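Participant: Before I ask anything, let me first share the structure, which is written out below as structure tokens.
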Amino acid sequence: MKEMNVLVINCGSSSLKFQLINSVSEEVIAKGLCERIGIDGSQMSYTPAGGEKRETVTPMPDHTQAIRLVLDALTGQEGGVVKSLAEIGAVGHRIVHGGENFATSTVITEDVLKAIEECNDLAPLHNPANLIGIRACRELMPDTPMVAVFDTAFHQTMPEEAYLYGLPYHYYEDYKVRRYGFHGTSHSYVSHRAAEMLGKEYEGLKAIVCHLGNGASVSAVKGGKCVDTSMGLTPLEGLIMGTRSGDLDPAIIEFLCNKENKTVKEILNVLNKESGVFGLSGGFSSDFRDLEKAYRAGDAFAIRAMKAFAYRVAKYIGAYTAAMNGVDVICFTAGIGENNPLIRTMIGEYLGYLGITIDEEANAKRGEETEISTPESTTKVLVVPTNEELAIARETVALV
Ligand code: ADP
């Protein structure tokens, strides 16, 4: 592995997260976040390894200015971690939607930028922001190689029967309406890590990965390839999430438009931002720390929301066990999957038919790689903390 510092960039419409990672030690040398880009009160937080976190409120009218400030912080006299930009060997950009154009990560060229732009329609909130981030970076670091790492790429191995909707086929041909899936970098990283933890060949493993964060998705990985995943054309499909509804009867949309006198757009906003466990808990919270506390205090709203969340995950595990004709390992990852023993127990209660018993002592741990099934369990259950930035850095170094 070549030694270099890789800048990993995750650019949203008004935010930009970054990490500088050394490719050999895989240590995070510095990290931070720019928020409210293009809005009043822009601010940046920056933390060099072993140093104090610094917060600065400073105008960032656009992403180019945000990246300029990031590069200044990384190379600065005070708190800087590299002497000059020449010490940043490559940049890895997280891109949300690669459509069918990208089944792997790729070195960014003008043609690649055009192909990403073609996918804008599929992710109108995310892809344009990702592209702005790339263009701003290329302007300031024209000679540094850059790589695009797609959320959708890992799922491109899904077979047709898994990715097609039951719609007129020409909608797929004409508009590429199909299931794509997201969180691919995480599903790939976690399934690989699970094989390592079990000392098994990745290519011989049947794994189900439950990425349970604010956004949540499940994937079935058979023989090293994703064969199904719960998110679809957009991240709205699948599990009940923090504020997203997940699967529902599409006829509900028209029904609610009529009842509430709202437009489709307004109802979709409800499905994205006011539903999920937030909606089910009567608007109490989308955060599982709050929900867990309230659940333990016997709060009926929190109990309802968490039960529905766990049940939906268990249903997907059942479906994916069928899709793969069996399962060797189930992995929990992301904020909730890594840190919420209660939800893991609640899901585990549905899995007795797979020969699974949860070891409650092991399950009490938060945020560490742990086998949480008992040694007798015939299907293993693991907690595997995800690390999307590291996965992006590895992909980037491998390609430049
Ligand atoms: P996303 O990246 O999709 O925004 P995360 O993966 O950060 O979301 O997950 C957010 C969820 O994880 C929240 O519901 C939060 O309660 C839970 N979570 C994150 N960290 C912890 C922690 N240390 N302890 C308990 N719960 C946590």
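The values are calculated or read from the model by the stated rules, or taken from the named source; none is laboratory data. As the structure is a computational prediction, the values presented were derived from the model and not from experiment. Counting neighbours? That spans all protein chains shown, and the Cβs are built from the backbone with ideal geometry, glycine included. These accessible areas exclude ligands, DNA and RNA; they are computed on the full protein's heavy atoms, side chains included. Shrake-Rupley method; radii C 1.70, N 1.55, O 1.52, S 1.80 Å.
Participant: Scan the range 190-202 for residues that are surrounded by fewer than 24 Cβ atoms within 10 Å (Cβ to Cβ) and touching a residue at least 12 places away in the same chain (Cβ under 8 Å) and report the count.
Facilitator: Counting residues in the range 190-202 that are surrounded by fewer than 24 Cβ atoms within 10 Å (Cβ to Cβ) and touching a residue at least 12 places away in the same chain (Cβ under 8 Å) gives 6.
Participant: State yes or no: is ALA323 closer than 21 Å to ALA305 by Cα and crowded, with 16+ Cβ neighbours inside 10 Å?
Facilitator: Considered against the rule, which asks whether it is closer than 21 Å to ALA305 by Cα and crowded, with 16+ Cβ neighbours inside 10 Å, ALA323 comes out as no.
Participant: Let me ask another. Kindly indicate the residue of the range 163-172 that is in contact with a helix residue (DSSP H, G or I) (Cβ under 9 Å, 6 or more places away or on another chain) and not in a helix (DSSP H, G or I) and also nearest to the ligand (Cβ to nearest atom) among those meeting that condition.
Facilitator: TYR165
Participant: I'd like to check which helices (runs of 4 or more DSSP H) are fully inside the range 173-283 and have at least 3 residues that are under 27 Å from ASN340 (Cβ atoms) and within 16 Å of the ligand (Cβ to nearest atom). Can you show your working first?
Facilitator: Values: elements: 184-198, 251-260, 264-273, 276-280.
Helices (runs of 4 or more DSSP H) meeting the threshold: 184-198, 276-280.
Participant: Here's something else I'd like to know. Inside the range 328-339, can you point out the residues that are over 24 Å from GLY224 (Cα atoms) and crowded, with 23+ Cβ neighbours inside 10 Å?
Facilitator: The one that is over 24 Å from GLY224 (Cα atoms) and crowded, with 23+ Cβ neighbours inside 10 Å: ILE336.
Participant: Anything in the range 349-374 that is surrounded by 12 or more Cβ atoms within 10 Å (Cβ to Cβ), out of contact with any Gly (no Cβ under 6 Å at 6 or more places or on another chain) and not in a loop (DSSP other than H, G, I, E, B)? List them, or say none.
Facilitator: Listed by number, the residues that qualify are LEU354, GLU360, ALA362, ASN363, THR370, GLU371, SER373.
Participant: Give all pairs with beta carbons closer than 9 Å in which a residue from the range 203-220 that is in contact (Cβ under 8 Å) with a residue 24 or more places away in the chain and open to solvent by 20 Å² or more (accessible area, probe 1.4 Å) meets a residue that is away from the ligand (no atom under 13 Å from the Cβ) and of a type in the set (D, E, K, R); count only pairs at least 6 apart in sequence or on separate chains.
Facilitator: LYS206/LYS222; LYS206/ASP328
Participant: Write out, first by first residue and then by second, each pair whose Cβ atoms fall under 6 Å of each other, whose residues are 6+ apart or on separate chains, and whose first residue, in the range 278-294, is at pLDDT 95 or above and open to solvent by less than 40 Å² (accessible area, probe 1.4 Å) while the second is of a type outside the set (A, V, I, L, M) and more than 12 Å from the ligand (Cβ to nearest atom).
Facilitator: From the range 278-294, the pairs are SER281/PHE301.
Participant: If I go through the range 94-111 residue by residue, how many of them are in contact with a strand residue (DSSP E or B) (Cβ under 6 Å, 6 or more places away or on another chain), open to solvent by 10 Å² or more (accessible area, probe 1.4 Å) and not in a loop (DSSP other than H, G, I, E, B)?
Facilitator: Within the range 94-111, residues that are in contact with a strand residue (DSSP E or B) (Cβ under 6 Å, 6 or more places away or on another chain), open to solvent by 10 Å² or more (accessible area, probe 1.4 Å) and not in a loop (DSSP other than H, G, I, E, B) number 3.
Participant: When the residues of the range 144-162 are filtered to those that are in contact with a Gly (Cβ under 7 Å, 6 or more places away or on another chain) and in a helix (DSSP H, G or I), which remaining residue is nearest to PRO385 (Cα to Cα)?
Facilitator: PHE154
Participant: Do the conditions hold for TYR311, that is, is it more than 10 Å from the ligand (Cβ to nearest atom), over 21 Å from THR357 (Cβ atoms) and not small (Gly, Ala, Ser)?
Facilitator: It is false that TYR311 is more than 10 Å from the ligand (Cβ to nearest atom), over 21 Å from THR357 (Cβ atoms) and not small (Gly, Ala, Ser).
Participant: Next up: Going through the range 284-299 one residue at a time, which ones are near the ligand (Cβ under 10 Å from one of its atoms), acidic (Asp, Glu) and not in a helix (DSSP H, G or I)?
Facilitator: Once the filter is applied, which keeps residues that are near the ligand (Cβ under 10 Å from one of its atoms), acidic (Asp, Glu) and not in a helix (DSSP H, G or I), the range 284-299 yields only ASP287.
Participant: Of all the residues that make up the range 320-337, how many are away from the ligand (no atom under 16 Å from the Cβ) and aromatic (Phe, Trp, Tyr)?
Facilitator: Number satisfying all stated conditions: 1.
Participant: Give ALA310, ALA302 a once-over and let me know the one that is within 18 Å of PRO341 (Cα to Cα) and either more than 22 Å from the chain's Cα centre (by Cα) or open to solvent by 50 Å² or more (accessible area, probe 1.4 Å) (or both).
Facilitator: Every option except ALA302 fails the conditions.
Participant: Next question. Which residues, counting only those in the range 351-400, are without any contact (Cβ under 8 Å) to a residue 12 or more places away in the chain and closer than 17 Å to GLY318 by Cβ?
Facilitator: GLY352, TYR353
Participant: Name every residue in the range 25-58 that is under 14 Å from LEU7 (Cα atoms) and open to solvent by 80 Å² or more (accessible area, probe 1.4 Å), in order of residue number.
Facilitator: Listed by number, the residues that qualify are GLU27, LYS31.
Participant: ASN340 versus (1) within 19 Å of the chain's Cα centre (by Cα); (2) closer than 26 Å to GLU201 by Cβ: which is the lone unmet condition?
Facilitator: Going through the list (1) within 19 Å of the chain's Cα centre (by Cα); (2) closer than 26 Å to GLU201 by Cβ, ASN340 breaks only (2).
Participant: Please enumerate the residues belonging to the range 375-391 that are open to solvent by less than 10 Å² (accessible area, probe 1.4 Å) and within 16 Å of the ligand (Cβ to nearest atom).
Facilitator: Result: VAL383, VAL384.
Participant: What is the one condition in (1) out of contact with any strand residue (DSSP E or B) (no Cβ under 6 Å at 6 or more places or on another chain); (2) touching a residue at least 60 places away in the same chain (Cβ under 8 Å) that CYS226 does not satisfy?
Facilitator: (1)
Participant: Being more than 16 Å from the ligand (Cβ to nearest atom) and closer than 15 Å to LEU382 by Cβ is the filter here, so list the residues in the range 338-354 that pass it.
Facilitator: GLY348, LEU351, LEU354
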